[in-house]
Amino acid sequence: MGVASAMRRTSAPVVAAIAAALLLASPAAAAVPSVYGGAVACAAQPASGNVRLCSGPTVTWDEQTKVDVNVILPPEPVAGSDGPYPAIGVFHGWGGSKIGLADARTRGWAEEGYLVFSMSDRGWGNSCGSSDPDRTPLSTKCAKGYNHLMDTRYEVRDAQHLLGVLADEGLVQPDRIGATGVSYGGGLSLALAALRDRTMLPDGSLVPWTSPEGTPMELAAAVPQWPWSDLAYSLMPNGATLDYVADAPYLGPNGTAPIGVMKQSYVSGLFALGQALSNYAPAGTDPDADLVTWYGLVSAGEPYDVNPLAQDVVEEIATHHSSYYVDHSRPPAPLLIQSGWNDDLFPVDEAVRFYNRTRTEYPGNPISLYLMDDGHDRSQSKPADVAAFAARLDAWFDHYLKGAGPAPESSVEALTTRCGAASEGPYAAPTWNDLAPGEIRLADAAAKTVTPAAGDPSIGLAFDPIAGKNACATASGADQPGAASYRLAPAPAPGFTLAGSSTVVADIATTGSTSQLAARLLDVSPDGKTEALVTRGLLRPGAGGDGVVFQLHPQAYRFAPGHVAKLELLPADAPYSRPSNGQAPISVSNLELRLPVLEVPGSLGGLVAAPAAKALPPGYELAIDYRATSGDSGGEDGSGSGSGDAAAGAGGDGANASAAAGAMGVASLARGPLVLTRKTIIVRLGCDGAWPCEGQISVSAGRRTLARGPFALAAGETGRTRLPLTKAGRAFRQTRLLSSARRSVRARVEIAASQGAAPLVLRRAVRLPQAG
């Protein structure tokens, strides 16, 4: 007997009761009493807009290890479906635990229709952290619950599994998931983006990311804040990263770079914090998470390169703890990465490294940088700057998780470091390379010696991120005995703004293979009495050589009129960097300092020049955004050659052949719209360099290829190339002329040189002809 006939045979009050019961049981209006199979209860929070908080422990993918979670659901709907929702995973920093309603962002996201997920990572909080009552020798819940140092196979997989369970429970849209977090949480969210739709198993293999019930899962977008991409480099830099190369692995492209210099004050402080609040595996019990042994190794110091354990640790950190080394045979999820100019722990180059490789391998994949004075110690984190970024973050998630708003353009935005006043900016550019159109240079051929005992401890203490003050700290402006100091002339009015990585190219000689060279760029007051730290860097020069190139961390900083930019080279930046065992004198000569600036070439009375050709050590290749603006072929001497303004003839973006081929110029696309005619699309191209350019161009709108064809230009030639319309292009032209009042359409332009790099993908307007 059916429900309808049964109700006709029942009295009216009983019918009403049955109808009410059926409505309450309907998935469309049912409350969510709990999640994770009933393990975590949910309750509405009247004081927080009636969002629903589900808080408590569950178990992760090994069906044993305890993980403490917060799941925040939107307010219970009056009508319609209670899920599935787009989801945002928000992850905590080192020393923290799961994030809840005390964080205004999580409340706001839940009120706006997102499910918000957070967890205490293994070894923190009530996920077997130091204060968790379940952390006992006999507890099976915490047998593997110790801190794995953000291992892709453990902490990252925990987040994927727990989000998958929520998808199986009908609460999360499996392909509408975002990830964000600061510091340790930034590292987790960047790893999730690199994996995208894959999971790493304990044996290191990658498999499709699926929910426990087999639903395909995928991260739709990520917004890592203050993340690392290479944990070994961020904690023990060696100077091998350059902000203009396509690939910057820790040991260099040839695997010969040395293990670097320990950031002593940070590493020691973080290890001690973990000892107090986290749960470290007992020394020797798990070689892939042996934080106690690892810390003892790096604290003892050099020589590292002859120690097999040191090599094993570097390999382990790269393989399982650094998003940069996750298999990148497919592009990451759309990324907006926020980093801080004065963050000495995870500086801006951690983001730029991942950005350059992604843009080089996948030029059309969405990836943006937002850079400001925000992050770890020494950062000012001004409320206005934080609010500006929060709006950018919300727009990123709204588009990729909800489909709301226009697609964000890939870009680089920068707010400057400024003391005592609001930050300047934001300055926006389409690429990292475009942020600084000019360069100020200093050259000094004199030989100077950096002695092992140089360095005033009081100055080092003032600039230390842990023991010192913020980015506005000052110290004595006098040159330090035994250091190598280089001063530019006082900045002319109205001053200039550094915007990027300060680059040093010099001849370096030393007899100590374990020595370090610490660099500080300083702002010296007009009276010479005080100086402020602008940026710093650490180099392990090894045996040295001619034309050694290294960079200081990126910075955006204005040198006011009369102020002096000073480069200081020291044997250590203590207590920030650990003084090296066996430090020897270091001779530096033929030094060139290159400061990228916001000012255009020719300004400040000619002080600002076009950027010089990039110095490429053997094995490195230029990132794609630099191939149109440098004639550098990366010669064996590392000195580079060619014009620093190679694309000026066409005034636009470029795509070139492999520099190693040595027989192709750089094809550049002029700025401004393309032109649609009756049978063609006209593209204005230039060919820069000493070689001809040739290849293929295609223009598409949506999924339709409008025009395509070959191009061929002589060296130095600039001209128009006509691409014949495809059948789809002719139909598109006819339809647009008849139905649209718009006079242009946004199109995708792909330029593929016949040899060399991956195709360059650009966005341009196509100007439509008048109807009739």
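Every number in this text was worked out from the coordinates using simple rules, so none of it is lab data. These numbers come from a predicted model, not from an experiment. We place every Cβ from the backbone using ideal geometry, glycine too, and count neighbours over all the protein chains shown.
For segment 410-442 and segment 31-101, what is the separation of their Cα centres, given in Å?
39
Using Cβ contacts closer than 10 Å as the measure, can you line up Arg720, Arg767 from fewest to most?
Arg720, Arg767
Tell me, Phe559, Phe550, Phe346 in order of fewest to most beta-carbon neighbours within 10 Å?
Ranked by crowding around the Cβ, least crowded first: Phe559, Phe550, Phe346.
R0 = 60 Å: FRET efficiency of Ala447 with Asn50, Cβ-based, nearest 0.05?
0.25
For a footprinting-style exposure proxy, rank Tyr576, Tyr620 by other Cβ within 10 Å, fewest first.
Ascending Cβ contact count within 10 Å gives the list Tyr620, Tyr576.
Return the calculated 222 nm mean residue ellipticity for the chain, to the nearest 500 deg cm²/dmol, obtained by summing -39500 (n - 2.57) across DSSP H runs with n ≥ 4 and dividing by the residue count.
Value at 222 nm, helices only: -5500 deg cm²/dmol.
What Kirkwood hydrodynamic radius, in Å, does the chain give when the mean of 1/r is taken over all pairs of distinct Cα atoms and then inverted?
For the chain, the Kirkwood estimate is 28.2 Å.
Report, in debye and to the nearest 20, how large the dipole of segment 63-113 comes out about its Cα centre when Lys and Arg carry +1 and Asp and Glu carry -1 on their Cβ.
Approximately 200 debye in magnitude.
Mind giving me the nanometre distance, one decimal, between the label points for Ala543 and Ser458, set 7 Å out from Cα along Cα→Cβ?
4.2
Treating only the Cβ atoms of Lys and Arg (+1) and Asp and Glu (-1) as charged, compute the dipole magnitude of the chain about its Cα centre; round to the nearest 20 debye.
3600
By per-residue mean of other Cβ atoms within 10 Å, what is the highest-first order of 367-378, 284-295, 303-314, 217-228?
With the highest mean Cβ count within 10 Å placed first, the list reads 217-228, 367-378, 284-295, 303-314.
Using alpha carbon coordinates only, what is the Rg to Rh ratio of segment 673-720, with Rh defined as the Kirkwood radius?
We get a ratio of 1.03 for segment 673-720.
Once you charge only the Cβ atoms, +1 for Lys and Arg and -1 for Asp and Glu, what is the size of the charge dipole of segment 436-612 about its Cα centre, to the nearest 20 debye?
With Lys and Arg at +1 and Asp and Glu at -1, about 220 debye.
Would you mind pulling out the separation of the Cα centroids of segment 290-314 and segment 112-148, in Å?
28
What is the distance in Å between the Cα centres of segment 545-599 and segment 345-383?
Going from one Cα centre to the other spans 21 Å.
Taking the Cβ-Cβ separation of Asp286 and Asp203 as r and a Förster radius of 22 Å, what is the calculated FRET efficiency to the nearest 0.05?
Efficiency, from the Cβ-Cβ distance: 0.90.
Counting only residues 5 or more places away or on other chains, whose amide H sits under 5 Å from the amide H of Val597 once H atoms are built in the peptide plane?
Gly438, Glu439, Ile440, Ala499
Given a Förster distance of 60 angstrom, what is the FRET efficiency for Thr735 paired with Cys419, based on the Cβ-Cβ distance and rounded to 0.05?
0.60
With only alpha-carbon atoms in the gyration tensor, what are the semi-axes of the equivalent ellipsoid for segment 436-612, in Å, largest first?
26, 20, 13
Could you calculate the contour length gain from Ala276 to Ala714, that is, 0.36 nm times the residue separation minus the distance between their Cα atoms, to one decimal place in nm?
Here the answer is 151.0 nm.
Could you go through segment 606-622 in sequence order and give the Karplus-derived ³J(HN,Hα) for each residue, using 6.51 cos²θ - 1.76 cosθ + 1.60 with θ = phi - 60°, rounded to whole Hz, and x for Gly and Pro?
Per residue, the Karplus-derived 3J(HN,Hα) values read x, 4, 8, 10, 5, x, 6, 4, 6, 7, 10, x, x, x, 7, 10, 5 Hz.
For the peptides 199-206, 231-238, 355-362, what is the packing order when you average, over each peptide's residues, the other Cβ atoms within 10 Å and list the highest mean first?
231-238, 355-362, 199-206
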